[in-house]
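Visitor: Got a structure here, written out as structure tokens. Questions coming.
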Amino acid sequence: MEHADKPRLLNRLNRIEGQVRGIARMMEQDRCCLDIMTQLHAVRAAVRRVESALLKKHLEDCLTDAMVSVDEAERHQKTAELIALMERHGR
């Protein structure tokens, strides 16, 4: 993964990691279940945003490059990868 968004996404993942540690502390401190669930929801949303950014970049760069390539095998491989990803994640 080489692109300009990499530092931003790594920073976001580090913040998510901190959020998860914070949730564990909340549980250890017997905090309100609703507060913990709110934080879990925030973590899921943050992970989805990172996932969406990565998918967008993949589509813009990797897949686009493959589609304009003269290498038919590469085009088929990238298409198959995208289909498999969508099947795994129910998109």
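Visitor: Which of the peptides 31-39, 19-27 is most tightly packed, and how do the rest follow, going by the mean number of other Cβ atoms within 10 Å of each residue?
Guide: 19-27, 31-39
Visitor: Residue-wise, which Karplus ³J(HN,Hα) couplings in Hz belong to region 56-62, taking 6.51 cos²θ - 1.76 cosθ + 1.60, θ = phi - 60°, and x for glycine or proline?
Guide: Result, rounded to whole Hz: 4, 5, 4, 5, 5, 9, 4.
Visitor: Quick one: what are the phi-derived ³J(HN,Hα) couplings along region 63-72, Karplus 6.51/-1.76/1.60 with θ = phi - 60°, whole Hz, x for glycine and proline?
Guide: Karplus values, whole Hz, x for Gly and Pro: 5, 4, 4, 5, 5, 8, 6, 7, 7, 4.
Visitor: Now for a different question. Counting other Cβ atoms within 10 Å, keep those with at most 13, restrict to DSSP loop, and tell me which GluC sites (Glu not before Pro) in the chain are left. Don't jump to the answer; show the numbers that get you there.
Guide: Values: sites: GLU2, GLU17, GLU28, GLU51, GLU60, GLU72, GLU74, GLU81, GLU87; in loops: GLU2.
Taking the chain and a limit of 13 other Cβ atoms within 10 Å, the loop GluC sites (Glu not before Pro) found are GLU2.
Computed from the coordinates by the stated procedures, all read-outs in this text should not be read as laboratory data. Worth saying up front: this structure is predicted, and the values here are computed from it rather than measured. Cβ coordinates were reconstructed from backbone atoms using ideal geometry, including for glycine residues, and neighbour counts include every protein chain displayed.
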